[in-house]
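Participant: Dropping a structure here in structure tokens format, bear with me for questions.
The values are calculated or read from the model by the stated rules, or taken from the named source; none is laboratory data. In this text the structure is predicted, and so the values were computed from the model without any measurement. Glycine gets a Cβ as well: all are built from the backbone with ideal geometry, and neighbour counts include every protein chain shown. Surface accessibility is based on the protein's heavy atoms, side chains included, excluding ligands, DNA and RNA. Shrake-Rupley method; radii C 1.70, N 1.55, O 1.52, S 1.80 Å.
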Amino acid sequence: MNAPSMSDDLWQACASSPALPGSPCLTRRDLLRRGLVCTAGALLANNLSLRALAAAAGTPGPAVTARAKSVIQIWLWGGACHLDTFDPKPGAGAEYTGPLSGALETTVSGMRIGESLPLLAKQARNYSLIRSLTHGNNGHETAAYMVQTGRSASDRSVFPSMGAVVSLFKGQDAGYTGLVPPYVVLTELQGRFSEAGFLGARYKPFATGGDPARDPFGVEGVVAAGLTEDRQRDRRELLHRINTLARTMPADPVLTASAQAESQAYDLILGDAGKVFDASQEPAALRDRYGRTTFGQSCLMARRLVERGVPFITINYKGWDTHKRHFEVMRTKLPELDRGLATLLQDLSDRGLLDSTIVWCGGEFGRTPRVLWEAPWNGGRGHHGRVFSALLAGGGFRGGQVVGASDAHGEDVAERPVHPSDLIGSVYSLLGISEDARLPHPEGLDLRAYPPGLPGKPSPGRLHEIM
Amino acid sequence: MPGASSGHGRQWLHRIQWTIGLAGVVAGLPAPAAPAAPAASSVAVAVAENPYETQQPRVARGPIDQHVFSRLAALQLTPAHPVSDATFLRRVHLDLIGRLPSAAEARRFLKDQSADKRDVLIEQLLARPEFADYWSLKWSDLLRVKAEYPINLWPNAAQAYHRWIYSSLLEDKPLDQFARELLISSGSNVHCGPVNFYRAIPGRDPLSVAKSVALTFMGTRPEAWSADQWSGMAGFFAQIGYKSTGEWKEEIVLWDPARPATSGVGPARFPDGTTPVLSPERDPRVIFADWLLAPGNPWFARVLANRVWSWIFSRGIVHQPDDFRDGNAPVNPALLAYLEQELVRSRYSLKHLFRLIVQSQTYQLSCVPRSSDPAAASEFAHYALRRLEAEVLIDAINDITGTSESYSSAIPEPYTFVPADVRAVALPDGSITSSFLELFGRPPRDSGLESERSLRVTAGQRLHLLNSSHVRKKIEQGPALAELLRIPPDRAIDAIYLTVLSRFPTNEERRTLRPGPKAGGTATRAVALDLIWALLNSDEFLHRH
């Protein structure tokens, strides 16, 4: 089975059978191919014709108290190994741990994490770990779809990702007035499975493109290297002078919308709104603490966006799909993650933002606990959807807790299975999204915003242990 | 980009004088900010010259115009003025082949003095292969030609499907035959394109198939009919079998009479309530196709004629074009009846219908309304201004600049690698895409609804066109513009306007762009670049008008 849709039967089969190479649901699709030209890849949602759209927008349901205002989603793209990060198994033997055989005590007694994450070990009071996530799927696209939407991939409709749903209920339709779009991706889109689904273009994320580790951060469309502000202003004036059609039909609704969109675009190009992307205003020492890498500076950028009230920020953090050279890659990757994420948590906490900001770090699945020493992998790890981990912090999630557990080798859930829909339902509820909220569907289907939970269950569970 | 260094800064000074210096010349003009006028006057305000229309009298050319103009007269709606030659040239290119005329084609047409030049042009466009490219795009949206989730045709099957659509349009295959082949074909998904119709339906159960058939060929949405009607309709599609072969991703679609009955489906009954004569020797899909396509059955020809009209005018006589139901009556029943009758009379020729429509005076009205009544738009009193589709827009930018795009699919099969010179309208598979196409509202092809395609203008789109490195690079480095950037701007102005807007500049625009005394020398390139950039960002370029 290579196509990403799955029947429920197959979903069950995958969930219960060992994921051996060659089994029908083991697929490897190079998601990175999707990245191609990462331009200003999505719409800046605009404020136009909100009234007209109200009919098409979702129904939010009764008001619920929100504990969180923003979400920072750090997507470990490709799937990070749970054993090397948040669920170490020092006793499992070299066959499983490879050279990363240790585990670090954290500032919370009994809560240990991977040996390569010393800075995070000092932050344990700020976050909790979920060690029993499971969906049983080993294909990148399908698994990413399941984790991003909380839904199985066999449904007729393509559902929006969590960011798009949050953008629907916390973005312009809900009174968000920021000029920066409500759903921002640093820096590359994953493609359709991480996006708006049937909600359509209005709720797609704005992908920055560029590299925040470089100065200036060349956010596509916002920052144009080599064009001075004066020249930008001259060009804009020239455009208005020669815009004969707009002057011929000054009251036309299509052209009025076009002019408003242009004016919003220039607010980002020439106005203050675009300054959020200029990290040079930050103290150099703080930038160093985050790490002068794309990931580190993306974390800093995410904090700056949260300060501006942006409700959903995704950092698509590439490079975790380590079928080969796993441990070599981890030697650089894990310290980078450690530095960026630990600094983000500390920085949010120092600024009093952590209480209102959910930080979720995880990917589409874990990796095979037993190291693949044989050719052609020679020390790699495959895909592993039967059990994997995630880190959750802030916004109403309590820190210092561990939810669920995997078995001795990290192969399967040992206790308290957590489905992605449970995690998503918990996040929605902290954001104050009503259980009765409905998504607008082009064919008028009546669809709840909360995913339905595991097959056969009408509602997702909650991570009540940490809420 | 010049301007990066301080050396260029001085040139910019010249250029600034060049544009700002015009302020005196154009002081008498209305303020440039578009929404300045009071909302009450949606009637055109005076611009010294309006290149979009002529003051010549309207002439009713045939039944279309008689039907439209008599409605307008009865409603006391003033139609727009007839469209100018230049606007017609650009409009009919975009509407028939989804592509701009070249500067040379534009110059030739505008200089041509012959009385029948518009009709001649229409025939030339109908005969071009790009006609089939462009209308394959439309049909591929409706028929959900897409390799990946949730349609899951797989790349080589999506391409076989598209190839069949393309060749059908190229030969102007009668639309009833086109529909029949989609409805009754059996065979391999990679060899027999039209069988993919039944594969491009998520679910594939008889009820889902019935709903797709009704939406596509009968303009009917799920809520329009009762559960009994759907159950009866689904009865015709309860014996479709899907069988895989030993070949990678090959699947045979076939009539499988032994297929067990599905609960809640059938017995087969036509949507009008009549009962078919079924026989174990006949595929029930054929019986349904015979009924749907029989002369005298009002559904098919009416829905198709209305769709074609809506493709040109951006709204149907029944609107939305895929929402036929009680309570959604045609605004102009006589017009729809005429188009339906012409479609049947021409033996279901799509090109015949297009020809009739674009030859009409109704089509050849300008987009500038002369009535502020909202009914003017729904009664076709003027042409419908709207943004170019994602694919047409990027193709136009590429044609003008001489550049190309790279497209890719989430399924990196050999079939999804497309050569650099493939235009976006000709992409054979909805899964082959680019971030530009996604940003500008390319439909996901999930549902077959016409409304999936978004022509909304967003700030993100404007940002991309105004300022992205993607578009800047095309303008600054595009080989097709190299020559234009070398000649002095005063001489280049005509050529630049013809290239981007397919017309000559108006006298007023010439005055606006008159070079300042210090322009020239190395600033030339920058001046021309700015003008091309501005025109590519003008509403006239971004929209059909």
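Participant: With each label point set 7 Å from Cα along the Cα-Cβ vector, what nm distance links B:Ser451 and A:Thr332?
Facilitator: So the two model labels end up 5.0 nm from each other.
Participant: Add -39500 (n - 2.57) for each DSSP H run of 4 or more in chain B, then divide by its residues: what number comes out at 222 nm, to the nearest 500 deg cm²/dmol?
Facilitator: Mean residue ellipticity at 222 nm (helix-derived): -14000 deg cm²/dmol.
Participant: Using a Förster distance of 30 Å, how high is the FRET efficiency between A:Leu270 and B:Lys473, based on the Cβ-Cβ distance and rounded to 0.05?
Facilitator: 0.90
Participant: Evaluate E = 1/(1 + (r/R0)^6) for B:Gln320 and B:Ala375, where r is the Cβ-Cβ distance and R0 equals 25 Å; express this FRET efficiency to the nearest 0.05.
Facilitator: 0.90
Participant: Normalised by the number of residues in chain A, what is the relative contact order in percent for Cα pairs under 8 Å and 6+ residues apart?
Facilitator: Value for chain A: 29 percent.
Participant: Using the charge dipole of region A:222-276 (Lys, Arg: +1 at Cβ; Asp, Glu: -1 at Cβ; taken about the Cα centre), state which of A:Thr256, A:Leu270, A:Gln232 has its Cα farthest towards the positive end.
Facilitator: A:Gln232
Participant: What is the Cα convex hull volume of region A:232-288 when expressed per residue in Å³?
Facilitator: With only Cα atoms used, region A:232-288 gives 83 Å³ per residue.
Participant: Could you work out the helix-only [θ] at 222 nm for chain A, with each DSSP H run of four or more residues adding -39,500 (n - 2.57) and the total divided by the number of residues, to the nearest 500 deg cm²/dmol?
Facilitator: Theoretical 222 nm ellipticity from helices: -8500 deg cm²/dmol.
Participant: Continuing with this model, one more query. Local charge sum around A:Ile72 (other residues, Cβ-Cβ under 15 Å, Lys/Arg +1, Asp/Glu -1)?
Facilitator: Net of charged neighbours comes to +3.
Participant: Something else now. Hey, got a sec? Which GluC sites (Glu not before Pro) in region A:328-399 land in a DSSP loop and have at most 16 other Cβ atoms within 10 Å?
Facilitator: A:Glu374
Participant: Calculate I(q)/I(0) for chain B by the Debye formula, one identical point scatterer on each C-alpha and no solvent, and give its log10 at q = 0.06, 0.10 Å⁻¹ to two decimals.
Facilitator: Summing over Cα pairs of chain B leads to -0.34, -0.89.
Participant: Would you mind getting the accessible area per residue of region A:373-467, heavy atoms of the protein chains only, 1.4 Å probe, in Å²?
Facilitator: Accessible surface, normalised per residue, equals 36 Å².
Participant: State to the nearest 20 debye the size of the charge dipole of region A:222-276 about its Cα centre, where the only charges are +1 on K and R beta carbons and -1 on D and E beta carbons.
Facilitator: 140 debye
Participant: If you average the sequence gap of Cα pairs under 8 Å that are 6 or more apart and divide by the length of chain B, what percent do you get for the contact order?
Facilitator: With pairs under 8 Å counted, the relative contact order is 22 percent.
Participant: So what J values fall out for region B:412-426 if you push phi through Karplus, 6.51 cos²θ - 1.76 cosθ + 1.60 with θ = phi - 60°, rounded to Hz, Gly and Pro as x?
Facilitator: x, 8, x, 5, 9, 8, 10, x, 4, 8, 6, 7, 4, 5, 9
Participant: Moving on. Put a dot 7 Å past each Cα toward the Cβ at B:Asp494 and B:Asp290; how far apart are the dots in nm?
Facilitator: The two pseudo-label positions are separated by 6.5 nm.
Participant: Let me ask another. So if I restrict to the alpha-carbon atoms in the protein assembly as shown, what is the Rg, and what is Dmax, the biggest pairwise distance, in Å?
Facilitator: 29.8, 91
Participant: In region A:314-351, which residues have a backbone nitrogen under 20 Å from the label point lying 7 Å from A:Asp288's Cα in the Cα-to-Cβ direction?
Facilitator: A:335-348
Participant: Please report the net charge: other residues with Cβ closer than 9 Å to the Cβ of A:Ser116, K and R +1, D and E -1.
Facilitator: -1
Participant: Do you know the relative contact order of region B:257-319, to the nearest whole percent, from alpha carbon pairs under 8 angstrom that are 6+ apart?
Facilitator: For region B:257-319, the relative contact order is 15 percent.
Participant: Within 10 Å of each Cβ of B:145-154, how many other protein chain Cβ atoms are there on average?
Facilitator: If you average over the peptide's residues, the count of other-chain Cβ atoms is 4.
Participant: Which order do the peptides A:270-280, A:401-411 take when ranked by the mean count of other beta-carbon atoms within 10 Å per residue, highest first?
Facilitator: The most tightly packed comes first, giving A:401-411, A:270-280.
Participant: How many Cβ atoms of partner chains, on average, are near each residue of A:94-104 if near means within 10 Å of its Cβ?
Facilitator: That average works out to 0.
Participant: For A:Leu445, B:Leu455, A:Leu348, write out the residues from largest to smallest accessible area, computed with a 1.4 angstrom probe and no ligands counted.
Facilitator: Final ranking, largest accessible area leading: A:Leu445, B:Leu455, A:Leu348.
Participant: Something else: If you place +1 on the Cβ of every Lys and Arg, -1 on the Cβ of every Asp and Glu, and leave all else neutral, what size is the dipole of the protein assembly as shown about its Cα centre, to the nearest 20 Debye?
Facilitator: 1480 debye
Participant: Cut-off under 17 Å on the C-alpha distance; same-chain residues fewer than 8 positions from B:Lys138 excluded. Which lysines are left, in chain and number order?
Facilitator: Partners within reach: B:Lys146, B:Lys173, B:Lys351.
Participant: About its Cα centre, what dipole magnitude does chain B give when the only charges are +1 on Lys and Arg Cβ and -1 on Asp and Glu Cβ, stated in debye to the nearest 20?
Facilitator: Taking the Cα centre of chain B as origin, the dipole is about 1200 debye.
Participant: State, to one decimal in nm, how far the label point of A:Arg462 lies from the label point of B:Arg347, with both points 7 Å from Cα in the Cβ direction.
Facilitator: Each label point lies 7 Å from its Cα, and together they span 7.0 nm.
Participant: Rounded to the nearest 100 Å², what is the buried accessible area between A and B, both sides summed, probe 1.4 Å?
Facilitator: The summed interface area works out to 7100 Å².
Participant: For region B:457-483, which residues drop by 30 square angstrom or more in accessible area between the chain on its own and all protein chains together (1.4 Å probe)?
Facilitator: Those residues are B:Val457, B:Thr458, B:Ala459, B:Gly460, B:Arg462, B:Leu463, B:His464, B:Leu466, B:Asn467, B:Arg472.
Participant: By accessible area of protein heavy atoms, probe 1.4 Å, what ranking do A:Lys89, A:Lys170 get, highest first?
Facilitator: In descending accessible area the options line up as A:Lys170, A:Lys89.
Participant: Determine, from the Cβ-Cβ distance of B:Ala261 and B:Ile487 and an R0 of 60 Å, the FRET efficiency 1/(1 + (r/R0)^6), rounded to the nearest 0.05.
Facilitator: Efficiency for this residue pair is about 0.20.
Participant: Decide, for region A:324-467, between rounded, prolate and oblate: order the square roots of the alpha carbon gyration tensor eigenvalues as a ≥ b ≥ c, take rounded if a/c falls under 1.5, and otherwise choose prolate if a/b is larger than b/c, else oblate.
Facilitator: oblate
Participant: Ok, one more. Which length gain, in nm to one decimal place, applies between B:Ala420 and B:Tyr242 when the Cα-Cα distance is subtracted from 0.36 nm times their residue separation?
Facilitator: Additional length available on full extension: 60.5 nm.
Participant: Next question. Return the whole-Å distance between the Cα centroid of region A:167-182 and the Cα centroid of region B:66-104.
Facilitator: Comparing the Cα centres of region A:167-182 and region B:66-104, I get a distance of 39 Å.
Participant: Roughly how many percent of the accessible protein surface of region B:410-461 is carbon and sulfur, given a 1.4 Å probe and a whole-percent answer?
Facilitator: 62 percent
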